[in-house]
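**Student:** There's a structure below that I have some questions on.
Here, each number is a calculation from the coordinates, and none is a lab measurement. Keep in mind the model is a prediction, meaning the values are calculated, not measured. Heads up, the Cβs are rebuilt from the backbone with ideal geometry, glycines too, and the neighbour counts pull from every protein chain shown.
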């Protein structure tokens, strides 16, 4: 397969859409559409094996500078629901997301976002060592600038949609991912060897902050909550919390299980169990990921057009067979790419959501039929 990641694209997994104001959106139609698909989602969630198809919507602007403007973000997402969800053959409905952005929990330690025009916000480190971080008394995330913005955004979305469109929590990062927003990663990696107890203490504190902020979000969203959330196929019929854990592949699998996994389990268990995500190639961590207690789902990139460092050892993921854990497989590419990758990846006994990014409804319908014929 010669297709490669296109580094000239701002976002390989998104398409441009026209915004739609809430008063112009057909909520009756979308509510009926989502309710019908969620019936299949509920059945799938109870099964040990099977396959569903998801055509994920992703609005590039909302993933960068647009996350600051809640009105614009909602209108763009409603536009995507109208043109990039209902028109595309799939088994899983799309959902709304409030604030997109990493560093939310780390902001409890006194940091604030830097907003450069036309770019996603950035959060710089404030500390030089783990001792400095542990000595700092963090505030509740809900009291930070970004915490308040996120909760206000959820309230605005819920008010404008009246809770009739599924909505996830904000982008959730693991404590291991949060570290890079607190103090230098080179120091952290030394600490994993020289000060492991301090690292786990910090992970635990970050977990507690995350749990309390998740509770605040859940109160506002209520029964409209789509799980596991950001970056994953999600449904109001499913449980679990999606956790971005990209730094997992920067430590050994055994280290991950011993030091990082417990805080992930602690955060996710109240919402139904952990759901793992890492960008890049994490085939060498498959066995460790499957040992996360209560794991519900795991996500990966499975084509070069999805991620410049996508998984190449697809056969390693056969370990998901007969586990009941869902593999969320993101495959950007044409029908040939989808067929090539799924032929290597799928074996009977797996439980999979095949995630596509087909450009047209016609191609998506072909992909839908292809996936269901391949994965039996």
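**Student:** Work out, step by step, the length gained on full extension between residue 131 and residue 65: first 0.36 nm times the residue separation, then minus their alpha carbon distance; give nm to one decimal.
**Tutor:** 20.4 nm
**Student:** Tell me, in nm to one decimal, what length is gained between residue 159 and residue 201 on full extension, where the rule is 0.36 nm per residue of separation less the Cα-Cα distance?
**Tutor:** On the way: separation 42, 0.36 × 42 = 15.12 nm, distance 3.87 nm.
So the extension gain works out to 11.2 nm.
**Student:** What are the equivalent ellipsoid semi-axes of the chain, built from the alpha-carbon gyration tensor (square roots of five times its eigenvalues), in whole angstrom, biggest first?
**Tutor:** For the chain, the ellipsoid semi-axes come out as 31, 26, 19 Å.
**Student:** Could you tell me the center-to-center distance, by alpha carbons, between the range 159-234 and the range 86-136 in angstrom?
**Tutor:** First find each Cα centre; the distance between them is then 9 Å.
**Student:** How long, wide and thick is the range 189-319, going by the Cα atoms along their three principal axes, in whole angstroms, largest first?
**Tutor:** Extents along the principal axes, in whole Å: 39, 38, 23.
**Student:** Roughly what would the spin-label model give for residue 212 and residue 3, points 7 Å off Cα along C-beta, in nm?
**Tutor:** 4.7 nm
**Student:** Would you compute, from DSSP H runs of 4+ residues alone, the mean residue ellipticity of the chain at 222 nm, taking -39500 (n - 2.57) per run and dividing by the full residue count, rounded to the nearest 500? Intermediate results must be reported in sequence, preceding the final value.
**Tutor:** Details: 11 runs with 135 residues, N = 376.
Mean residue ellipticity, 222 nm, calculated: -11000 deg cm²/dmol.
**Student:** Now a separate question. Please give, to one decimal in nm, the separation of the simple spin-label points placed at residue 360 and residue 343, each 7 Å out from Cα toward the Cβ.
**Tutor:** For the pair residue 360/residue 343, the computed spacing is 2.4 nm.
**Student:** Moving to a separate point now. Give me 358, 279, 268, 67 ranked fewest to most by other Cβ atoms within 10 Å of their Cβ, as a rough exposure proxy. Please report the intermediate quantities before stating the final value.
**Tutor:** Numbers: 358 22, 279 19, 268 30, 67 25.
Ordered by Cβ neighbours within 10 Å, fewest first: 279, 358, 67, 268.
**Student:** If you take every DSSP beta bridge whose two residues both sit in the chain, what share of them, in percent to the nearest 5, is antiparallel?
**Tutor:** 5 percent
**Student:** Taking 35 Å as R0, compute the FRET efficiency from the Cβ-Cβ separation of residue 193 and residue 313 and round it to 0.05.
**Tutor:** 0.80
**Student:** Would you work out if the range 23-76 is rounded, prolate or oblate? Take a ≥ b ≥ c from the square roots of the eigenvalues of the alpha-carbon gyration tensor; rounded if a/c is under 1.5, else prolate when a/b is larger than b/c, oblate otherwise.
**Tutor:** oblate
**Student:** I would also like to ask the following. Pairs of Cα atoms under 8 Å, at least six residues apart: use those to get the relative contact order of the chain, whole percent.
**Tutor:** 19 percent
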